[in-house]
Amino acid sequence: MVDFFRRALKKLDKLDIEQHRELLISAINQISLLETVSDSIDVGILVCDEEYNLVMVNKCAQRLIPLNYTEGEQIWSSIMDDHIVECLKEILLNADRVTDKEIDFDHKGRSRLISVNVVPLVQDKFVKGSLIYLEDITEKRKEESRLRRAENLASLTTLAAGVAHDIKNPLASISIHLQLLQKYLAKNNENDEKNNRYIEVLKEEVERLNRIVVDFLFAVRPMNMELRKSDINKLISQLIDFVGLELEQSKILILLELDEDLPKILMDERYMKQVMLNLVTNAKAAMPEGGVLTIATNCFDNEVRISVCDTGIGIGKEYLEKIFEPYFTTKEAGTGLGLTQVYKIIKEHQGEITVDSEPGTGSDFRIILPVPQNEMKLISYNDKKTDQTQ
């Protein structure tokens, strides 16, 4: 088509008004088609000239990144995010081409991860600028993380059958013999303070190992869920009543923002209480100097959403994808199984759990649980009935 227009330009003086009009309409149609194709693909495209002035931006790019596009303006002035600007400057000024460079940023209230590819824009064998491709890989990375956690849990389950019981049995034997030793020493008047201290240390370490094994078994053993319609708000309120004094003594202010119209969900209260207790305990540990713990619930799009948000030390972005994996922990005395248990319980409830966090700002754990179908129908029926009576 370009060759056609070039040939037409050579004969422009010989064309009449109607032929000029047809040529112009044809050119407009071709440009419109190219713009439609560009705006229809789900990859962001930015085109810069040799001076890094933007000459073309498609709609996907405008959705992906904060952009105030003015044709002919330098790309540095058009992008409204300093982190993206710094990354693109480094790429465009120092590299000929870049493949799959990942940039993370916040846009419209949510964290995003984009993959950036830059290639030279070549025309007539000369470099005329740069072509930048942007792809949103946020969900792709989350899905990879979910699959990796599922694989790790599967591997852990296979390992657990033999190892956990083989460890638990000797521990029970050691504990019994420590008690017998203590009784023997007492009987022979050798139960002095020094011997007692040694034995107590051994008993504490045996108990600590036993707790690790119990947590390990809990994390991998198939769960016998007893799902019943329950009120998650009531469960949260009861839990806060139980741990409230402890949190207050740690200078932690508790804010409950519970939706009063929340529908009941199918859950096993024992396990769900364990989830909430683990998250509250982690939040307390993240605020050693005190802070604010906010627990909120709401219903949106046939889903009950629970947020456990603290103002603690936060989690580094390099750890966010690993925190639900078995044995991953940033605590010196942690087993790395607490959040694995949380993840497994939520998955058993057909739900999802995610976390947003910033070091020095705090963490927000978000749980999504499905509303039972009959609850959704009941809500719809009542709404319809109300409309008819008005």
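The values are calculated or read from the model by the stated rules, or taken from the named source; none is laboratory data. None of the values given here were measured: they were computed from a predicted structure. For neighbour counting, all protein chains shown are included, and Cβ atoms are generated from backbone atoms with ideal geometry for every residue, glycine included. All accessible areas refer to the heavy atoms of the entire protein, side chains included, with ligands and DNA or RNA removed. Shrake-Rupley method; radii C 1.70, N 1.55, O 1.52, S 1.80 Å.
The residues of segment 29-152 expose, per residue, 59 Å² of accessible area to a 1.4 Å probe. Could you tell me which of the pairs Lys194/Lys273; Lys183/Lys344; Lys203/Lys347; Lys264/Lys284; Lys89/Lys284; Lys229/Lys344 are separated by over 31 angstrom between their Cα atoms in the structure shown? Violating the 31 Å limit, Cα to Cα: Lys194/Lys273; Lys183/Lys344; Lys203/Lys347; Lys89/Lys284.
Under the shape rule built on the C-alpha gyration tensor, where the axes satisfy a ≥ b ≥ c, segment 169-215 is oblate, since a/c reaches at least 1.5 while a/b does not exceed b/c. Per-atom-type breakdown for segment 53-205 gives carbon and sulfur 51% of the accessible area (1.4 Å probe, protein chains only).
In this structure, Asp261 and Ile167 have a Cβ-Cβ separation that, at R0 = 35 Å, corresponds to a calculated FRET efficiency of about 0.15.
Counting only protein heavy atoms and using a 1.4 Å probe, the accessible area of Leu320 comes to about 40 Å².
Across Ile167, Ile367, the residue with the most accessible area heads the list, and the full order at a 1.4 Å probe is Ile167, Ile367. Rounded to 0.05, the FRET efficiency of the Leu209 and Gln179 pair, given R0 = 22 Å and the Cβ-Cβ distance, is 0.85. Note on segment 170-321: with charges restricted to the Cβ of Lys and Arg (+1) and Asp and Glu (-1), its dipole about the Cα centre is near 640 debye. Cα centroid separation, segment 36-86 to segment 236-301: 43 Å.
For the pair Ile240 and Met80, label points projected 7 Å from Cα toward Cβ lie 3.6 nm apart. Measuring only protein heavy atoms, the 1.4 Å probe finds Phe126 accessible over about 130 Å². Using a probe of 1.4 angstrom and keeping all protein chains present, the accessible surface of segment 230-326 works out to 52 square angstrom per residue.
Accessible-area rank, largest first, for His107, His177: His177, His107, with all protein chains present and a 1.4 angstrom probe. When Arg110, Arg97 are compared by accessible surface with a 1.4 Å probe, the order from highest to lowest is Arg97, Arg110. Seen from all directions on average, segment 64-205 presents a Cα convex hull projection of 17.1 nm². From the Cα gyration tensor of segment 218-330, with a ≥ b ≥ c the square roots of its eigenvalues, which class applies: rounded if a/c is under 1.5, or else prolate if a/b is larger than b/c, or else oblate? Judged from the Cα gyration tensor, segment 218-330 comes out oblate (a/c at least 1.5, b/c at or above a/b).
Ser38 sits with roughly 10 Å² accessible to a 1.4 Å probe, with DNA, RNA and ligands left out of the calculation. Rounded to the nearest Hz, the phi-derived 3J(HN,Hα) couplings of segment 278-287 under the Karplus curve 6.51 cos²θ - 1.76 cosθ + 1.60 (θ = phi - 60°) are 4, 5, 5, 4, 5, 4, 4, 5, 7, 10, where x marks glycine and proline.
Computed from the C-beta positions of Arg228 and Gln274, the FRET efficiency with R₀ = 25 Å rounds to 0.95.
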